[in-house]
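Right, one structure below, let's go through it.
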Amino acid sequence: MKLFSCAGLLLFVALVSGCGPSDTRPTEAPAAASIPFRNDGTLRFTRGEEDLLTIAIEIADTDSSIIRGLMQRTSLPDLSGMLFLMPSEEPQSFWMANTPLALDLFFANTTGEIVSIARYTRPLSPEPVLSNLPARFVLETPAGFADSHGIIEGDRIEWERTD
């Protein structure tokens with residue numbers, strides 16, 4: 001929520017109510033700056049020996065990048081996502097507070113097997129999104145990604161950084 005000074009609020013009220021000069025029209029506030037996608041590598045989905053799909057990934061591997069995640073992002077490029085490298089394989093809990101995008105979350109164990117998928121998570125929700133089983137990697141993609149590309153539990157992820 002943006003707070004206005006008293007003078008700013010009075011000017012805003014005057015402009016909106018039409019009490020200001022006739023040639024003065026309220027203007028929209030500038031949109032928040034979008035956080036650009038940073039291409040850190042690629043991630044491949046596989047099923048058995050079959051390659052299913054390869055996407056660009058942004059990698060979250062520091063405490064601050066893991067905590068921030070996709071908060072305040074308003075979009076992601078097609079065929080992209082954010083891969084979280086968690087410190088250990090254990091049950092994972094994510095939340096969508098401050099995240100305006102609906103997402104699919106893929107939870108994968110140390111070997112890259114997808115052990116749980118949370119589809120169509122609710123944007124801006126304080127409710128935790130939990131993995132069903134211990135996971136070491138978590139991939140966030142736009143909502144509907146799993147269904148659109150036929151990704152299921154038991155599929156695998158393999159990723160590499162681009163340097």
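The values are calculated or read from the model by the stated rules, or taken from the named source; none is laboratory data. All values derive from a computational prediction rather than experimental measurement. Every residue, glycine among them, receives a Cβ derived from its backbone with ideal geometry; neighbour counts consider all protein chains shown. Just the protein is used for accessible areas: all its heavy atoms, side chains included, with ligands, DNA and RNA removed. Shrake-Rupley method; radii C 1.70, N 1.55, O 1.52, S 1.80 Å.
Return the pairs, sorted by first residue and then second, in which the second residue is hydroxyl-bearing (Ser, Thr, Tyr) and open to solvent by less than 70 Å² (accessible area, probe 1.4 Å), the first residue lies in the stretch 136-163 and is more than 21 Å from LEU101 (Cα to Cα) and in a strand (DSSP E or B), the beta carbons are less than 8 Å apart, and the residues are 6+ apart or on different chains.
ARG136/SER88; ARG156/THR46; ILE157/THR46; GLU158/THR46; TRP159/THR42; GLU160/THR42
Would you list the strands (runs of 3 or more DSSP E) that sit entirely within the stretch 50-102 and hold 2 or more residues that are of a type in the set (Gly, Ala, Ser) and open to solvent by less than 70 Å² (accessible area, probe 1.4 Å)? Step through it out loud before you land on a result.
Details: elements: 50-60, 80-90, 93-95.
So the answer is 50-60, 80-90.
What number of residues within the stretch 104-126 satisfy the criterion of being within 15 Å of the chain's Cα centre (by Cα) and part of a loop (DSSP other than H, G, I, E, B)? Don't jump to the end; show me each part of the working.
Taking the stretch 104-126 and keeping what is within 15 Å of the chain's Cα centre (by Cα), we get 104-107, 117-126.
Remaining after also requiring part of a loop (DSSP other than H, G, I, E, B): 119-126.
Residues that pass the stated criteria total 8.
Can you tell me which condition GLU58 does not meet? The list is (1) modelled with pLDDT under 95; (2) touching an Asp or Glu at 6+ places or on another chain (Cβ under 9 Å), and all the others hold.
Here GLU58 meets the rest and fails (1).
On the phi < 0 side of the Ramachandran plot, free of Cβ contacts under 8 Å to residues at least 24 places away in the same chain and of a type in the set (D, E, K, R): is that true of ASP104 in this structure?
No: the conditions fail for ASP104.
May I ask you to verify whether THR42 is among the hydroxyl-bearing types (Ser, Thr, Tyr) and over 23 Å from PRO100 (Cβ atoms)? Walk me through it before giving the result.
On the way: among the hydroxyl-bearing types (Ser, Thr, Tyr): yes; over 23 Å from PRO100 (Cβ atoms): yes.
Yes.
Condition check: within 25 Å of ARG161 (Cα to Cα) and among the β-branched types (Val, Ile, Thr). Does THR110 satisfy that? Show your work before the answer.
On the way: within 25 Å of ARG161 (Cα to Cα): yes; among the β-branched types (Val, Ile, Thr): yes.
Yes.
Is it the case that ASP40 is closer than 18 Å to PRO142 by Cβ, at pLDDT 95 or above and surrounded by 13 or more Cβ atoms within 10 Å (Cβ to Cβ)?
Working: closer than 18 Å to PRO142 by Cβ: yes; at pLDDT 95 or above: yes; surrounded by 13 or more Cβ atoms within 10 Å (Cβ to Cβ): yes.
In short, yes.
Hey, ALA118 hits all of (1) free of Cβ contacts under 8 Å to residues at least 40 places away in the same chain; (2) open to solvent by 30 Å² or more (accessible area, probe 1.4 Å) but one; which does it fall short on?
Here ALA118 clears every test but (2).
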